[in-house]
Structures are given as structure tokens and as C-alpha cells.
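Worksheet for the structure shown next.
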Amino acid sequence: MRKCVGILTAGGDSPGLNAAIRAVGKVLSRANARLIGFKDGFEGIAFDRFVELDDEMLSGILTVGGTILRTSRHKPNKMPVGKKIVDMTEAIVENYHKHQLAALICIGGGGTHKSALLLKKAGLNIVTIPKTIDNDLSGSNGTIGFDTALNVATDAIDSLHSTASSHKRIMLVEVMGHKTGWLTLGSGIAGGADVILIPEIPYSLEKVAEALKLRSREGKFFSIVPVAEGAVDVATAEKIAKIQQTLDKTDDKKRKAELKAELAELTSYKPERIFELAKKLEELTKLETRVTILGYLQRGGTPSCFDRMLATRLGVRAAEAVLNREFGFMTSYANGEISLVPIEEVAGKRKELSADHPWVKCAEASGVSFGA
Ligand code: F6P
């Protein structure tokens with residue numbers, strides 16, 4: 001009987017996912033193994049919704065954004081079924097064995113790696129591939145989709161320059177990245193931004209305003225300000241830290257739930273935040289200010305050359321890992337090399353952008369203000 005391998009994509013989509021699926025399929029096909037794709041993330045394997053990924057299915061998808069398997073953020077142990085949230089881990093294990101899978105390849109980011117670890121602990125042979133436009137996954141320098149998103153955000157900043165200059169405006173541009181500033185800082189440096197606001201460096205409104213007024217006094221009549229969706233001011237950052245400290249010390253269930261709700265209120269994404277920031281900056285600087293939210297444009301479109309290469313290399317290595325029976329690993333990219341990292345070292349760990357990271361130092365040295 002031909003060896004059969006399962007694959008799924010989970011979490012937010014990102015350009016390059018199809019390139020990775022294709023690469024896995026190519027290697028397995030050459031080894032006379034079958035590849036089946038589960039649809040809609042972990043939901044597909046829980047409810048046994050799958051498609052045979054033969055050569056015909058995999059043809060022509062290298063350059064296509066999104067994922068032919070579709071995706072969802074649903075977790076194996078917390079899956080919405082009708083109006084209930086159900087632990088579907090057992091059903092996943094059953095379907096895995098029903099198909100006599102040699103392994104399950106999960107392509108995803110932070111949430112996917114937690115789920116992958118759970119399935120590994122449930123006894124399945126798991127190999128993962130890192131993807132996220134946020135670049136916040138531990139254990140790999142490169143994640144599929146980040147480079148494409150970086151290009152989209154940089155192109156947008158480039159376009160904003162001319163209109164900002166024509167109208168002598170401050171342009172706030174909201175960039176994705178969840179709780180990290182990789183995408184914002186990268187596109188800010190590449191796009192020649194003047195002030196960059198990222199979650200890792202809480203800002204003071206007054207200092208941001210001061211940096212903008214200084215530019216104006218120096219005869220620079222416009223400013224470009226990329227703002228990470230997770231950026232916070234100093235006071236909010238202090239509140240978050242305080243709640244987190246109390247939460248870490250609390251055992252009381254009710255109090256824990258209250259604190260988590262408070263935390264979610266402060267940290268969950270709210271589009272109105274950037275408009276409030278614009279209003280306050282306009283008041284403080286007396287300079288006309290506009291907002292652009294890049295949103296899902298950053299996750300769409302054709303993958304960049306780098307992402308196609310990265311996805312292909314990671315996909316090839318993932319398929320080889322399965323054929324070599326190297327299970328429980330994520331394929332990782334660092335310093336130009338592809339290697340394997342234990343899933344335990346990745347799951348639940350965020351790749352933070354430290355305040356003394358070379359990108360931060362480089363931006364500071366070239367005159368960028370972080371409003372700190
Ligand atoms: O993780 C990728 C990401 O695009 C983040 O940058 C953003 O915060 C989030 O997903 C948006 O998620 P959703 O697709 O669920 O709206």
C-alpha cells in the first residue's frame with residue numbers, strides 16, 4: 001500500500017502557503033507516497049473533510065496566494081460544533097488512523113503550533129511548517145508570508161509619501177503584526193518612515209508630537225508614521241504589565257476571568273484606536289493628520305520570490321522529514337539554512353522584537369523616532 005500523508009493549513013492565511021503544499025506534494029509523489037489535504041484547518045481532520053492532492057491538484061498553485069485547502073483558527077480541543085465548543089482531539093486521532101496516515105503536516109503560526117503539540121502528545125506523527133505574516137513565531141527567522149506582507153506595506157508607505165508631501169500632512173498607517181512590530185518596523189525602515197510606533201517600545205504621545213513638530217520646524221512639511229496594530233502608549237503598557245502581574249499571582253478563578261477580560265479589553269485589536277491617536281496628534285501638533293489602515297491587503301496577493309523560495313524549501317524539508325521518520329519537528333529557516341526544531345521549543349513562545357534589536361538600532365541611527 002502507498003504511504004499516505006495528511007496536510008492542513010491553519011490560522012490566518014498568508015501568501016506562500018500553496019507553494020509549501022505543492023513542494024510537499026512533489027517530494028512525496030517522487031517517493032510514490034500519497035498526499036491528502038484536510039480542509040479548513042484542524043476542522044477538516046476533525047470532521048474528515050479532505051481532498052486528494054495529486055499532481056493535477058498541485059499544478060499551477062505555486063504563484064497563487066491564500067490556501068487551496070482554506071483555513072480556520074479552530075483548535076482541536078476547542079472546536080465550535082453547532083452552538084457548543086467541543087474537544088475534537090479524539091475524533092482527529094480516529095480520522096488520522098482511519099486514513100492510515102504516516103504523518104500529519106500542519107502549516108501555521110503560533111496557535112497552530114500549540115495545536116500541533118497537543119496532537120503530538122496525543123500520539124500522532126506531526127511535522128510543522130512555520131507561516132505568519134507577523135514573523136512572531138519562535139524557532140525560525142523566516143516565516144512564510146512575512147516577506148510578501150513586508151513588500152505590500154512598503155509599497156503602501158511609498159505611495160503615501162507623494163500625497164503626504166502634496167498636502168503637508170501627517171500620515172498614520174496602521175500595519176498588522178498582532179502583538180509584535182516586525183512588519184511595522186521592517187516596512188517603516190524600507191519605506192523611510194519618520195516615526196515608527198511598535199508594541200515593544202511604548203510611546204509617549206507628547207514625544208511623538210514633539211518629533212513631528214521638530215520635522216515641521218526643520219522645513220519638512222509631511223511625516224510618515226507606521227503604527228503597529230498592537231502599539232500602545234506608556235500608560236497603557238504599564239496597566240497591561242500590572243494586570244499581567246496580578247494575573248500571574250492569582251489562583252481565584254473568578255478574579256482570573258475578570259483580569260483576563262480587562263487584559264483583552266486593553267490588548268485586543270480596535271480600529272478606532274488609530275483614529276483617536278490621529279485626533280490627539282492633530283490637536284498637539286496643529287498639523288493635518290490622516291489615517292490609512294492596510295488591513296487584509298497585507299495578507300493577500302501573489303507571494304514574493306523570497307516567500308516562494310522559502311515555502312518550497314520548508315515544504316521539501318517537511319516531506320523529507322516525514323520520509324525519514326523525523327517526527328515532532330518544525331522546519332525552520334535561519335542564516336540561509338533549513339533545519340528541524342522540536343515543536344516544544346516553538347509552541348506558546350513568541351519571537352519578540354527586542355528594543356535593542358539591530359533593526360531598532362538602525363532606525364534610531366537614521367533619525368527615526370519611536371516616540372519614547
Ligand atoms: O496573524 C496574522 C494576522 O493577520 C495578524 O497580523 C492580525 O492581528 C490577525 O491575523 C487578524 O486576524 P483575523 O484574520 O482573524 O482577523
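The values are calculated or read from the model by the stated rules, or taken from the named source; none is laboratory data. Just so it is clear, the model here is predicted, and its values are computed rather than measured. Backbone-built Cβ (ideal geometry, glycine too); neighbour counts: all protein chains shown. Heads up: the accessible areas ignore ligands, DNA and RNA and are worked out on the full protein's heavy atoms, side chains in. Shrake-Rupley method; radii C 1.70, N 1.55, O 1.52, S 1.80 Å.
Kindly list the residues of the stretch 200-235 that lie in the label zone of residue 286, defined by a backbone N under 19 Å from the point 7 Å along the Cα-to-C-beta vector.
206-223
Normalised by the residues of the chain, what does the relative contact order come to in percent, with Cα pairs under 8 Å and at least six apart?
Computed value for the chain: 24 percent relative contact order.
Could you work out the relative contact order of the stretch 216-320? I mean the mean sequence separation of Cα pairs under 8 Å and 6+ apart, divided by the number of residues, in percent. Provide the component values of the computation, followed by the final result.
Details: 28 pairs, mean separation 18.2, N = 105.
Contact order relative to length: 17 percent.
Once the Cα atoms of helix 272-285 and of the chain are each reduced to a long axis, what angle between those two axes, in degrees from 0 to 90 to the nearest 10, is obtained?
Around 20 degrees separate the two axes.
How much FRET efficiency would the formula 1/(1 + (r/R0)^6) give for residue 57 and residue 81, where r is the Cβ-Cβ distance and R0 is 22 Å, rounded to 0.05?
0.20
Could I have the simple spin-label model distance between residue 93 and residue 235, label points 7 Å from Cα toward Cβ, reported in nm to one decimal?
The modelled label-to-label distance comes out at 5.1 nm.
Given a Förster distance of 35 angstrom, what is the FRET efficiency for residue 268 paired with residue 100, based on the Cβ-Cβ distance and rounded to 0.05? Please report the intermediate quantities before stating the final value.
Working: r = 42 Å, r/R0 = 1.19.
Efficiency for this residue pair is about 0.25.
If you take every DSSP beta bridge whose two residues both sit in the chain, what share of them, in percent to the nearest 5, is antiparallel?
Percent antiparallel among DSSP bridges in the chain is about 30.
Enter the accessible area of residue 162 (Å², nearest 10), with the probe set to 1.4 Å and all protein chains included.
Accessible area, nearest 10 Å²: 70 Å².
Keeping the other protein chains in place, figure out the carbon and sulfur percent of the accessible area of the stretch 114-248, with a 1.4 Å probe.
Roughly 51 percent of what the probe reaches on the stretch 114-248 is carbon or sulfur.
Compute the angle between helix 17-30 and the longest alpha-carbon principal axis of the chain, please, reported from 0 to 90 degrees and rounded to the nearest 10.
30
Tell me the accessible surface of residue 329 in square angstrom (1.4 angstrom probe, heavy atoms of protein chains only), to the nearest ten.
We get 60 Å² for residue 329.
With axes computed from alpha carbons, what is the tilt in degrees of helix 89-98 against the longest principal axis of the chain, rounded to the nearest 10 within 0 to 90?
40
What is the extension gain from residue 326 to residue 3, computed as 0.36 nm multiplied by their sequence separation minus the C-alpha to C-alpha distance, in nm to one decimal?
Gain on extension, residue 326 to residue 3, equals 114.8 nm.
Any idea what the relative contact order of the stretch 259-372 is, in percent, if you count C-alpha pairs under 8 Å spaced at least 6 apart? Mind showing how you got there, number by number?
Numbers: 42 pairs, mean separation 12.4, N = 114.
Relative CO of the stretch 259-372 lands at 11 percent.
How many Å² of accessible area per residue for the chain, probe 1.4 Å? Walk me through the intermediate numbers first.
Working: 17080 Å² over 372 residues.
It amounts to 46 Å² per residue over the chain.
Rounded to the nearest 10 Å², what accessible area does residue 269 show when all protein chains are kept and the probe is 1.4 Å?
100
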